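> Would you mind keeping the following structure in view while I ask a few things?
The values are calculated or read from the model by the stated rules, or taken from the named source; none is laboratory data. These numbers come from a predicted model, not from an experiment. Cβ: placed from backbone, ideal geometry, glycine included. Neighbour counts: every protein chain shown. To get the accessible areas, we keep the full protein, side chains included, count just its heavy atoms, and leave off ligands, DNA and RNA. Shrake-Rupley method; radii C 1.70, N 1.55, O 1.52, S 1.80 Å.
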Amino acid sequence: NCRFGDPETEAILPLMKSSLLGLMTTVANGGSLANAGPIAWNDQCAVTTVLAAQGYPDTPRTGDEIRMPASPRGVFVFHGSTRRDGNTDQFMTAGGRILAITGTGATVDEAAERSQAYAETIAFEGKQFRRDIGRRELERHAGAT
């Protein structure tokens, strides 16, 4: 049960090999997913780290410049509350949950390391990590090893 924009969706989409557009087009045209065939997935794990603005969730600060290097292989950046500064390529904070950083890997630990390591390289004033998202699953996984 997830909606686009939820951290759960942002962890699922990078693992999807099937065409999401094809599935959405089928539904938009009145078709049924029952006839669309099986959805294909990558045999990997994914973990998402959410970066939030200072003051989130009550009064998130906006207008701070976001500095981020190019994302490495196996890392996907989903923009939430960001905006471009005029006609430039500069991103600014524009609300509460700023970015979702999804790392993929052969194991949960590898995916988490990629996600968290890249999230650490992103800078904006008052950056907060949502460490509660996925916490229970990471703890469950750690207890199983």
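> Out of all the residues in the range 64-78, which are aliphatic (A, V, I, L, M) and not in a strand (DSSP E or B)?
If the condition is that a residue be aliphatic (A, V, I, L, M) and not in a strand (DSSP E or B), then Met68, Ala70 are the ones that fit.
> Let me ask you something else. Tally the residues that are open to solvent by 40 Å² or more (accessible area, probe 1.4 Å) and β-branched (Val, Ile, Thr), restricting the search to the range 15-49.
Here the count works out to 4.
Listed here are the residues, each with its yes/no results for (1) of a type in the set (Phe, Trp, Tyr); (2) without any contact (Cβ under 8 Å) to a residue 12 or more places away in the chain; (3) closer than 17 Å to Glu10 by Cβ; (4) in contact with a strand residue (DSSP E or B) (Cβ under 7 Å, 6 or more places away or on another chain).
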position: Asp43; (1), (2), (3), (4): no, yes, no, no
position: Val50; (1), (2), (3), (4): no, no, yes, yes
position: Thr62; (1), (2), (3), (4): no, no, no, yes
position: Glu65; (1), (2), (3), (4): no, no, no, yes
position: Ser71; (1), (2), (3), (4): no, no, yes, yes
position: Phe76; (1), (2), (3), (4): yes, no, yes, yes
position: Asn87; (1), (2), (3), (4): no, yes, no, no
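> If you don't mind, there's one more thing I want to ask. If you go through the range 80-106, how many residues are open to solvent by 20 Å² or more (accessible area, probe 1.4 Å) and closer than 19 Å to Gly55 by Cβ?
Total satisfying the criteria: 8.
> Scan the range 112-125 for residues that are farther than 14 Å from Ala11 by Cβ and at pLDDT below 95 and jot them down.
Glu113
> Can you tell me which residue in the range 105-136 is farthest from Pro72 (Cα to Cα), limited to those that are outside any loop (DSSP other than H, G, I, E, B) and touching an Asp or Glu at 6+ places or on another chain (Cβ under 8 Å)?
Val108
> From the list Ala52, Ala70, which one is at pLDDT 90 or above, under 19 Å from the mean Cα position of the chain (by Cα) and open to solvent by 40 Å² or more (accessible area, probe 1.4 Å)?
Exactly one of Ala52, Ala70 is at pLDDT 90 or above, under 19 Å from the mean Cα position of the chain (by Cα) and open to solvent by 40 Å² or more (accessible area, probe 1.4 Å), namely Ala70.
> So Pro57 clears everything in (1) under 29 Å from Thr107 (Cα atoms); (2) surrounded by fewer than 18 Cβ atoms within 10 Å (Cβ to Cβ); (3) free of Cβ contacts under 8 Å to residues at least 60 places away in the same chain except one condition, right? Which one?
(1)
> Please count how many residues of the range 4-63 are over 25 Å from Met92 (Cβ atoms), of a type outside the set (S, T, N, Q) and assigned to a loop (DSSP other than H, G, I, E, B).
9
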